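Participant: This is the structure, below, for whatever I ask next.
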């Protein structure tokens, strides 16, 4: 999915991610976790990497990951975001203490709490975020 | 997202519907802070029954509203949270700092 940085695109991405999570058979709460994480990640790209500028490129790719590549048994969903904004400040990737009651800084915390893997990388002058959500073992059989 | 205001016996009810995200949380923030700081409404009830989704920017706006209400001697009361909104409140560990009720009847009698 090729997007331009614009908050109006978020509702479309949420709908797309919701469908992807359903296809992989995530339960409702875990589908919401995937949707929430991608939404927060995109919002961060728009606000921080592109500093609120509209019309900048963001690529979102989404694929099933498999516990057994030969049998193609799905075990989760991998989402990658690629942007050409300013490099992610690694000092800010720790999130903030939640006992501070103040606005802001929650998006990264939501992502880390909701996904099994959250990895940031700078590659070829771009920011790459990789997130993975795995199906619970009880959901893996009979596909 | 849509917001409609109606009078309650001792304040204002804001009926919010749709998704609260980066695209529209500034609009919610403006309405909320307008009630508290400009109109000096003593009790602001947020009816979230028809809110399907809220992101961290929406939560940040609610925190700002709460702080403004405390600074102005007002109360901000939330009710009707969907499972999705409740999850986000729990994730942010803010459910205990907000006044939250299950439904309008309970909120109005609080």
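None of the figures in this text is laboratory data; all of them are computed from the coordinates on show. Fair warning: this is a prediction, and the values are worked out from it, not measured in the lab. Using ideal geometry, Cβ is built from the backbone for each residue, glycine included, and neighbour counts are taken over all protein chains shown.
Participant: Could you state the number of Å between the C-alpha centres of the stretch B:1-28 and the stretch B:30-106?
Facilitator: Each part's Cα centre sits 10 Å from the other's.
Participant: Using helices alone, I'd like the mean residue ellipticity at 222 nm for the protein assembly as shown: each DSSP H run of four-plus residues gives -39500 (n - 2.57), total over residue count, nearest 500.
Facilitator: -9500 deg cm²/dmol
Participant: Of all the Cα-Cα pairs you can form in the protein assembly as shown, what percent are over 35 Å apart?
Facilitator: Of all Cα-Cα pairs in the protein assembly as shown, 20 percent lie more than 35 Å apart.
Participant: So which residue, out of B:39, B:49, B:30, gets the largest mean-square fluctuation from a GNM of chain B using Cα contacts under 10 Å as springs?
Facilitator: Per the Cα network of chain B with a 10 Å cutoff, B:39 tops the list.
Participant: Another one. Report the antiparallel proportion of the DSSP beta bridges in chain B as a percent, rounded to a multiple of 5.
Facilitator: Given both bridge residues lie in chain B, the antiparallel proportion sits at roughly 30 percent.
Participant: Please give the peptides A:30-36, B:15-21 ranked by average Cβ packing (other Cβ atoms within 10 Å per residue), highest first, as a rough proxy for protection.
Facilitator: Output ranking for A:30-36, B:15-21: A:30-36, B:15-21.
Participant: For a test of the definition: using alpha carbon positions, the gyration tensor, and the 1.5 limit on a/c, classify the stretch B:4-91 as rounded, prolate or oblate.
Facilitator: Prolate is the answer for the stretch B:4-91, as a/c is 1.5 or above and a/b outweighs b/c.
Participant: Here's something else I'd like to know. Give me the extension gain from residue A:28 to residue A:136: residue separation times 0.36 nm, minus the current Cα-Cα distance, reported in nm with one decimal.
Facilitator: Working it through step by step, the gained length comes to 37.6 nm.
Participant: Something else about it: Just rank B:98, A:26, fewest to most, by other beta-carbon atoms within 10 angstrom.
Facilitator: Ranking B:98, A:26 by Cβ neighbours within 10 Å, fewest first, gives B:98, A:26.
Participant: First measure r as the distance between the Cβ atoms of residue B:105 and residue B:37, then evaluate 1/(1 + (r/R0)^6) with R0 = 45 Å and state the FRET efficiency to the nearest 0.05.
Facilitator: 0.95
Participant: Further question on the same structure: Return the Cα extents of the stretch A:1-53 along principal axes one, two and three, sorted largest first, each rounded to a whole Å.
Facilitator: Principal extents (largest minus smallest coordinate, Cα): 35, 17, 13 Å.
Participant: First check a/c for the stretch B:63-110, with a ≥ b ≥ c the square roots of the eigenvalues of its C-alpha gyration tensor; if it is under 1.5, answer rounded, and if not, answer prolate when a/b is larger than b/c or oblate otherwise.
Facilitator: Oblate, since a/c reaches 1.5 and b/c is not below a/b.
Participant: Counting only DSSP beta bridges with both residues in the protein assembly as shown, what percent are antiparallel, rounded to the nearest 5?
Facilitator: 70
Participant: Suppose R0 equals 45 Å; then what is the FRET efficiency for residue A:89 and residue B:7 from their Cβ-Cβ distance, rounded to the nearest 0.05?
Facilitator: 0.45
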